[in-house]
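The values are calculated or read from the model by the stated rules, or taken from the named source; none is laboratory data. None of these values were measured; they are calculated from a predicted model. Cβ atoms come from the backbone with ideal geometry, glycine included; neighbour counts cover every protein chain shown. The area values use the complete protein model at the heavy-atom level, side chains included, leaving out ligands, DNA and RNA. Shrake-Rupley method; radii C 1.70, N 1.55, O 1.52, S 1.80 Å.
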Amino acid sequence: MLLSMFPKRGEFSLDADAVPSIQRYLGNADGALPPQLEYRIALHVGEEKVKVELQVLLPHMYPQVAPQLFARSDALHRQQQLQLNTGLASHISSLDSGDLCVCEAVQWVKDNSLPFLESSKASSECASKEVGVKEMLHRMWIYSHHIYRQELRKKIFDSAKKLNLTGFCLTGKPGVICVEGLRENCDEFWRVIRYPNWKHISCKHVENIETEGSIDNLRLFHSFEDLQFQAHGDYGLRNDYHMDLGQFLEFLKQHQSGHIFQILFGVEGKLSDN
């Protein structure tokens with residue numbers, strides 16, 4: 001139904017394996033449950049056709065269990081985006097329990113986004129008239145017990161690219177992620193990768209650096225890197241291995257971040273003399 005409503009390229013998007021994985025489960029219900037269905041609907045609002053994206057995560061028991069919905073737009077400031085989603089959540093909660101509500105959410109976003117977009121545009125125009133407007137680079141250091149799953153790694157890299165964030169993802173055990181860029185983009189990245197619920201993950205440290213120039217001049221990383229260091233010891237094909245943290249410490253020091261090692265792991269990092 002949704003594909004027929006949004007047939008144009010880019011209007012409706014979801015992972016290529018999302019539907020086949022559900023079809024495989026329906027063909028063999030004795031297997032493990034497939035991932036929850038997650039997709040995005042791109043809406044174009046107002047005369048200027050500003051893009052507003054509705055992100056949807058359907059629980060396995062939908063519609064008996066309400067979906068998780070989040071509307072975002074590059075044209076909205078963080079506060080306006082928060083107010084828009086508060087209104088959306090309030091509207092969905094007012095509907096009868098068990099009703100299909102994604103189409104209702106789409107229509108609500110279409111009908112209610114314009115005032116927030118106009119307010120955001122007006123505040124941006126006022127800010128652009130101010131002399132010497134400063135920008136802020138936001139850098140987040142995120143620690144996880146481990147990072148292995150391909151679908152999770154794909155979400156991390158896709159989100160970093162989409163939000164123009166640089167940094168790295170250290171795969172293995174432990175797992176470490178660093179992202180740097182605009183604060184609202186870092187906050188959005190943090191929301192997305194924890195959504196719906198990633199256990200054993202925490203943001204260990206945050207850095208904010210103000211500049212009157214471009215924040216790009218303050219970045220420690222020029223891209224979002226995939227770090228995979230040699231495992232410490234011989235663990236065969238098992239995933240339960242510890243990464244060589246000596247190599248990781250060397251990497252941090254090469255990027256003026258050696259002090260972060262103690263913040264992440266609670267011990268001072270020392271390199272061998274070899």
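Applying the condition of being farther than 30 Å from residue 116 by Cβ and in contact (Cβ under 8 Å) with a residue 12 or more places away in the chain to segment 29-48 and asking which residue is surrounded by the most Cβ atoms within 10 Å (Cβ to Cβ) yields 34. Out of 82, 54, one residue alone is of a type in the set (A, V, I, L, M) and touching a helix residue (DSSP H, G or I) at 6+ places or on another chain (Cβ under 8 Å). It is 54. Spot the failing condition for residue 242; the list is (1) surrounded by 13 or more Cβ atoms within 10 Å (Cβ to Cβ); (2) in contact with a His (Cβ under 7 Å, 6 or more places away or on another chain); (3) at pLDDT 90 or above, and only one is missed. For residue 242, the exception is condition (3).
The residue of segment 175-220 that is nearest to residue 252 (Cα to Cα), among those that are among the small types (Gly, Ala, Ser) and surrounded by fewer than 16 Cβ atoms within 10 Å (Cβ to Cβ), is 202.
Being open to solvent by less than 40 Å² (accessible area, probe 1.4 Å), assigned to a strand (DSSP E or B) and in contact (Cβ under 8 Å) with a residue 40 or more places away in the chain is a description that applies to residue 57.
Within segment 16-28, residues that are in contact (Cβ under 8 Å) with a residue 12 or more places away in the chain reach partners that are open to solvent by 50 Å² or more (accessible area, probe 1.4 Å) with beta carbons closer than 8 Å, at six or more positions or on different chains, in the pairs 18/35; 18/38; 21/35.
Selection of segment 126-149 for residues being more than 22 Å from residue 209 (Cβ to Cβ), at pLDDT 75 or above and open to solvent by 50 Å² or more (accessible area, probe 1.4 Å) yields 145, 146, 149.
Residues of segment 60-74 being under 15 Å from residue 163 (Cβ atoms) and open to solvent by 30 Å² or more (accessible area, probe 1.4 Å), which ones? Result: 70, 74.
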